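Here the structure is laid out as structure tokens; the discussion comes afterwards.
Only the coordinates and a few stated rules stand behind these numbers; no lab work does. Fair warning: this is a prediction, and the values are worked out from it, not measured in the lab. As a convention, Cβ positions derive from the backbone with ideal geometry for all residues, glycine included, and neighbour counts pool all protein chains shown.
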Amino acid sequence: MTEHIAVVVNGQPREGDVQPRRMLVQFLREDLELTGTYVGCDTSQCGACTVHVDGKAVKSCTMLAVQADGSTVHLNTDTAVDVKYDRDNRLTRLEAGQAFFTVSHGDSRRFRVLTGDAEIVAVGTQFDVRLQGRSTVVTVVEGQVDVRSVPQANVGSAQAMRVSAGYRLRIDGGVMPAQSERVDTQAAIAWLQRKIVFEREPLGEVADEFNRYGVAQIVIEDTGLRALPVSGVFNAYDTNSFAAFLESLDGVRVERTPGEIRVMRQDAAQP
């Protein structure tokens, strides 16, 4: 299935049919043969793919071609989306991972994001959606979104809630909580700058977050250590610096192998 898009590039109207997951940089380089924009890295950090969309600088390697209307989506690691735009809706289905959305004000079509257990509707806002196991986590950075739960296996009824900037809502298995919770939005979207920010978070959850990005996986089997609260700011891809931080903690020992970083108590039996 393809989508037909019409854009103005360098003052000239251009059109084309694209797959829903085709990135804007691919459309520019391969379909329109505008090779001045190129991919210079594999992390979207170098800026070689930067173009201007509606007067704003965007990285075309993180923007889908069908979203060249001024709305953008940034995809985190291990993320899959399916996009469909028509005359009434701008629909993105988040199938895995995490994405950050900036929604254009100038388009009257509804902007909808679907996950397995939630539907998020927004107009003129910025928000983050993440799939965590059977849960959908929605964090609003700017504006408001309407969230509707999708009951699983036809059990229960749909619930709806409006979530404002600075708040987060977690839907677990199609079940919506009584209210949203206040959250540090900049910490929630730190991944856009390749950072992981945590404030007295359980060590096990922080390690799991690092494991989304790193090649060497952090393994913590001790339940007490996994519950240890830790704080810090790290490069999401710099697992070695995080391991060095763990080694500085009292009573913690770290063992490195090519594929794993094992974290254990200092008094744990040596092999």
Normalised by the number of residues in region 128-271, what is the relative contact order in percent for Cα pairs under 8 Å and 6+ residues apart?
16
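Let me check against my output: what whole-number percent is the relative contact order of region 69-191, with C-alpha pairs under 8 Å and at least 6 apart? Walk me through the intermediate numbers first.
Numbers: 303 pairs, mean separation 22.1, N = 123.
Relative contact order, region 69-191: 18 percent.
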Bridge type composition, region 64-204 - antiparallel percent by DSSP, nearest 5:
90
Q132/Q179 FRET efficiency (R0 22 Å; Cβ-Cβ; nearest 0.05)
0.70
T35 to D88: FRET efficiency via 1/(1 + (r/R0)^6), r the Cβ-Cβ distance, R0 35 Å, to the nearest 0.05?
0.50
Cα Rg, Dmax (largest Cα-Cα span) when computed across region 171-250, Å
14.0, 41
Please state the relative contact order of the chain as a whole percent: Cα pairs under 8 Å, 6+ residues apart?
9
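Could you tell me what a quarter of the Cα convex hull surface of region 214-271 works out to, in nm² with one decimal place?
4.2
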Connecting C-alpha atoms closer than 10 Å in a GNM of the chain, tell me which of V73, V113, V58 has the biggest fluctuation.
V58
Using only the alpha-carbon atoms of the chain as identical scatterers, what base-10 log of I(q)/I(0) does the Debye formula give at q = 0.08, 0.09, 0.12 Å⁻¹?
-0.39, -0.49, -0.83
